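Everything on this sheet refers to the single structure shown next.
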Amino acid sequence: MKPPAFQYYQPHTLDEALQLLSEHGDAKILAGGQSLIPMMNMRLAHPDVLIDINGLTELTHIKETDQGLAIGALVRHYQLEQHPLIQRKVPLVAEAEHLIGHPAIRSRGTIGGSLSHADPAAELPVLATLFDWELVVSSAAAERTIPAREFFLSYFITALAPDEMVTGVRTPSHAHAGAHITEYAVRAGDFALAIAAASIVLNASDTIQSARIALGGVADIPWRDPDFEASLQGQSPSPSLWREVGQHIKEAIDPTDDLHASADYRRQLAQTLVEKALAGALERAKLAEMKGRQA
Amino acid sequence: MAIQERSWIGRPVPRTEDRALVQGLGQYVSDINFEGQWVMALVRSPHAHARIARINTEAAKKLPGVHAVITSQEWENLRRPLPGMAPIAPPALAHDRVYYVGEPVAAILADNRYVAEDAAELVEVHYEPLPALSNAEEAAQDQEILHPSLGTNVVDRVQYESGAGRGALAAADHVVTATLRLGRVSAQPMEPRGIAAHYDPQNQTLLVYHATQSVHRAQERIAEYLGMEKSQVRVIAPEVGGGFGVKNGTYPEEALVTYCAVHFQRPIKWAGDRFEEFLSTYQEREQIHHVELGINRDGTLVALVDTYYQDNGAYPGGGMIVSRTTARNLPGPYRIPHLAINGAAVLTNKVPQAPYRGAGRPQGHYIIERMLDRAAEELGMDRIEIRRKNLVRPDELPYRTGIPDAMYDSGDFPQAFQDLLEAIDLSAFRKRQAAARQDGIRLGLGVANYVEVSAGFGFEGVRLRLLEDGQVLLSTGATGQGQGHRTALAQIAADTLQLPLDRITVVEGDTDQIQKGIGTFGSRTMIMAGNAARVAGEGFIAKAKDWAARALEAHVDDIIFQDGRFSVQGVPSVSLDWAELARKIAPSGEMLIHEDYFGSGTPTYGFGSHGMIVRVDERTADIRIERYVIVHDGGTIVNPLLANGQVIGGTVQGLGSALYEEMIYSEDGQPLTTSFLDYRLPGAVESPDIEIHHRDYPAPSNPAGYKGVGEAGIIPSQAIVLSAVEDAFQDRGLKLDFAPVTPGRLFQALEEKGGFQ
Ligand SMILES: Cc1cc2nc3c(=O)[nH]c(=O)nc-3n(C[C@H](O)[C@H](O)[C@H](O)COP(=O)(O)OP(=O)(O)OC[C@H]3O[C@@H](n4cnc5c(N)ncnc54)[C@H](O)[C@@H]3O)c2cc1C
């Protein structure tokens, strides 16, 4: 379990990193290394060149913006878990972090790495999809933003061009107040067999103003269906509605069999978790509303 | 020097080895580096079964940093069967056929492991794939024979019959039948296997550092393979990071490293990695049993008839011990007058089997305990009641199970079971279970009883040497792998020699330090080496008295040894302690050394009862352990901290093979779970608090009364977990017949009962 030989670069600025990326065809960005290094050690990945971005302090920011937060690609899981701005503005991110791996992994792994790795059973891509994060992407030539729902293409495949990297994400803080995430993993710290996240905003009449539902582990990319979400607008939230939603989603998704779960098992997990996520989101939405009225 | 006021035996002394280990100061094989060494990496077969057409090593040989690329096509000597495995043994490197994914085909010797792995990728092996055998029961039909020289795939059969055998089924009121399976597991010690060898051409001696459970057996194999005298081969086991049985047998890497070290006159090291641990270290447990249990209406057991097949993998490994021990454990602690057991160890195209902690004990108990649950259900009887009725009673001891040489000799099985039920508070649990079910929460109780057979063959030795400063060096061939023997053996010697614990240093696993040894496996070390420490201690004191007699100018018969001091009878004012004696001996240039052995052909039988409460989520198929209680008899306990560590460690490891761990192979023999991502060991979060109640019935078959404790925890785990989960769904008639019951498997079983309702 030793990686094949590679060239190693340690740029000090983003420009340098992007320059290297444009010069080398088979280069990989090394962020926290929690996914890349195991793959290299198992010789499943053979990059010729590694560009280690751990020295790029420009990618370590967590800043408040008009819509929410701007987070640098190199922000580590543990910071997402503990940073006061994250906890206040996008609390579901901090909460989801508890479900990701173990402390050792969270102390190294990064938000940029987690999104770029594009594991469909990872938590951050699910949240990115749920809340419509925008990924800020740069190459030596240009910068652009990619909406999360256009970023994930398939298992471990993203819309990044070979000379591009993620430099940060923009996450709106909207809809975090009434949100919940839940998953089923066999052991603590395992990748989940299925993940469900939901957020609900209520009308003054306590009917649903908007609802969002995203799932992980049930398809090649995080699953979301805005048309179906739209059909929930104006409805009264209730356990029976959640059961209907769970039933719908169980039939709408098309998971595959693998070593650890059959497609049918994943369907049942998705159904169960969606009900739980919606019930949890509603409870928080109501609480948020109460607080809002008191304020 | 303070003299201890009470015995060291039974005291929870913290492990003396821990200070160095927790600081990362332990030296394992991978920490041993010889000047100028080459490291070895292996090209392993990617096919479960294939013919090797040709191998091209040119590109690999040309890679800078590579010193040799070795195949048995070129090196005919490496085609010889390895020693220590019968009736058929693999060669060091496959030459015409490969029989499992992971079998070594070529060896690379290079400056470092990075280059060696690069070179391994450059070796081109042309294979012609052959159909693979991946089902033991089918393979036993011999339609296709893997090793023609054997004439059959059934490498070993075990047959026992007692009473009227199968015929007794006719006399039983009911016959309960079932097919029960156990999946394949991998031990995964924290330290993978490894070996390093250094040849001294001048003295023609070979020094081997080896992550092994038995230095003397390794020495024998190596000497035989290389055609050397045993005295030319010194094997040292440095720190060994877990063994669990799989670091004990014949492996190709041992032959390759030592052969190359002699051939090239270069130190050679192979430190196996985690991937190799999955692909090449022997595995265990995989069996399928077709069982018939004859039982009377009142719950009395009449007969057990079991035909089983063990998927032994491509070579015998040590698998025959496993299938035989399975048979001997089938009756468990229950009275079964008629037995008919017919087991087959069958060769297939998987990694060979070898004993893994438990080694047949869990399998045998899994069968009888599962069958008792089935029988209870068929009779409409309580699962507890049926066990009570059939447990061997103390007035029946010594009790012969009907299998030759199996005789339970001590304890009180029904009382242990009763104590367990009281600890769990059975009636309170049943009430809580019913109330929880009203709220949609499913709780289940599992119970199982077991016996733990240990030792019963061979010997083990201890050598004591008085050092100049009065400390005593204790060496033994019983090579530990983290059990804490250095503490426990010192406790035993400290008692005999009446010395403080810190005046005794224990050295395990060095063939230069003691002539003979067998090793640490099968929970035998306290029984064998522990008693040897006592015997050797007495001989050592006798020799010390000779020296004391000379020093004190008295007749040896008048020397008394008391409170750690030698004195002349009637003259207590003049005495010598060990340090003073050492100073008296020093000028002579001689040494006070005594080596002695303890042998016994009688096994010991520990026993106990486990109970667990699970909480099962019907929708996610998640199983959580709420409570785990053990009543455990391990004979005379030397150190309760160590004994508890063994029981807890075994239990948690057992929960792994009951809930998570499974080596899954595809039908064409490809292993699919070859990393910790897919092969799931239980972690701290999954491990329950384990409550242990000790019952210390001394073993009657050895002077100190020691019994094995290393396997107690793991024996009932698969039986009890399945039992508890079934109990949670008793109303649905859930029946589980495969261990482990992973969430995916539980979901499937519930689907067959109509799914989530
Ligand atoms: C035992 C274990 C358990 C885990 N459990 C979970 C879990 O439960 N949930 C979960 O979500 N994750 C889990 N992970 C993965 C962890 O979250 C990783 O941190 C994450 O997948 C990758 O982040 P990284 O910074 O380590 O990326 P790296 O490993 O450095 O890189 C991963 C990939 O992303 C690319 N990359 C990295 N940064 C960028 C960038 N800025 N722009 C473009 N490409 C980039 C790399 O080139 C590489 O291809 C686990 C990991 C381990 C080892």
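The values are calculated or read from the model by the stated rules, or taken from the named source; none is laboratory data. Just so you know, these numbers come straight off a predicted model, no measurement behind them. Neighbour counts run over all protein chains shown; Cβ positions are idealised from the backbone, glycine included. Surface accessibility is based on the protein's heavy atoms, side chains included, excluding ligands, DNA and RNA. Shrake-Rupley method; radii C 1.70, N 1.55, O 1.52, S 1.80 Å.
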Mean Cβ-within-10 Å packing, highest first, puts peptides B:408-415, B:285-292 in the order B:285-292, B:408-415
For segment B:432-567, averaging the sequence separation of alpha carbon pairs under 8 Å that lie six or more residues apart and dividing by its residue count, the contact order in percent is 25
Taking a straight Cα-to-Cα line shorter than 18 Å from B:Lys753, and setting aside same-chain lysines fewer than 8 residues away, one finds B:Lys735
For B:Lys247, the lysines lying under 21 Å Cα to Cα, once residues fewer than eight places off in the same chain are dropped, come out as B:Lys230, B:Lys269, B:Lys350, B:Lys516
Averaged over all viewing directions, the convex hull of the alpha carbons in segment B:68-195 casts a projected area in nm² of 13.1
Across chain A, qualifying lysine pairs (alpha carbons under 24 Å, at least 8 places apart or different chains) come out at 8
The percentage of the accessible area of the protein assembly as shown (probe 1.4 Å, all protein chains present) made up of carbon and sulfur atoms, to the nearest whole number, is 49
Net charge near B:Arg266 (other residues with Cβ under 15 Å of its Cβ; Lys, Arg +1; Asp, Glu -1) is -2
For chain B the mean separation of alpha carbon contacts under 8 Å (6+ apart) over residue count, i.e. relative contact order in percent, is 15
Per residue of A:182-192, other chain Cβ atoms within 10 Å number on average 4
Expected unfolding gain across B:Leu641-B:Glu144 under the 0.36 nm per residue rule, minus the alpha-carbon gap, is 173.8 nm
Reduced to Cα centres, the span from segment B:293-345 to segment B:430-465 in Å works out to 20
Taking every residue of A:257-269, the Cβ atoms of other protein chains inside 10 Å of its Cβ average out to 5
For B:Ser666 and B:Glu751, extending 7 Å from Cα along the Cα-Cβ vector and measuring point to point gives, in nm, a value of 2.1
In nm, the gap between the two label points placed 7 Å beyond Cα toward Cβ at A:Ala252 and A:His12 is 5.2
Among B:Gln265, B:Tyr308, B:Ile288, the residue whose Cα sits farthest towards the positive end of the charge dipole of segment B:257-311, when +1 is placed on the Cβ of each Lys and Arg and -1 on the Cβ of each Asp and Glu, is B:Gln265
Checked segment B:367-417 with the C-alpha gyration tensor, a ≥ b ≥ c its square-rooted eigenvalues, rounded below a/c of 1.5, otherwise prolate if a/b is larger than b/c and oblate if not; verdict oblate
Checked the protein assembly as shown against the a/c 1.5 cut and the a/b vs b/c comparison, axes a ≥ b ≥ c from its Cα gyration tensor; verdict prolate
Once Lys and Arg are counted +1 and Asp and Glu -1 for all other residues with Cβ under 15 Å from that of B:Thr602, the total becomes 0
Within the under-9-Å Cβ sphere about A:Gly216, not counting A:Gly216, Lys/Arg +1 and Asp/Glu -1 give a net charge of -3
The lysines whose Cα lies under 21 Å from the Cα of B:Lys584, excluding any fewer than 8 residues away in the same chain, are B:Lys543, B:Lys545
If every Lys and Arg gets +1 and every Asp and Glu gets -1 at its Cβ, then about the Cα centre segment A:1-67 yields a dipole, in debye to the nearest 20, of 460
Toy charge model, Lys and Arg Cβ at +1, Asp and Glu Cβ at -1: segment B:264-346 dipole around Cα centroid in debye, rounded to 20, equals 300
Averaged over the residues of B:655-663, the number of partner chain Cβ atoms within 10 Å of each residue's own Cβ comes to 1
Given the candidates B:His198, B:Ser454, A:Pro38, the one whose Cα lies deepest towards the positive end of the charge dipole of the protein assembly as shown, counting +1 at each Lys or Arg C-beta and -1 at each Asp or Glu C-beta, is B:Ser454
Out of B:Met526, B:Gln23, A:Ile253 - ranked by how far each Cα lies towards the positive end of the dipole of the protein assembly as shown, with unit charges on the beta-carbon of charged residues - the top one is B:Met526
Computed about the Cα centre, the charge dipole of chain B from +1 Lys/Arg and -1 Asp/Glu charges at the Cβ has a magnitude in debye, to the nearest 20, of 460
For B:297-307, B:631-641, ranked highest to lowest by mean beta-carbon neighbours within 10 Å, the order is B:631-641, B:297-307
In degrees rounded to 10, the 0-90 angle between helix A:263-294 Cα long axis and the longest Cα principal axis of chain A is 70
Under the 7 Å Cα-to-Cβ spin-label approximation, B:Lys516 and B:Ser7 lie apart by a distance in nanometres of 2.8
Expressed as a whole-number percentage, the relative contact order of segment A:136-183 with C-alpha contacts under 8 angstrom and at least six residues apart is 39
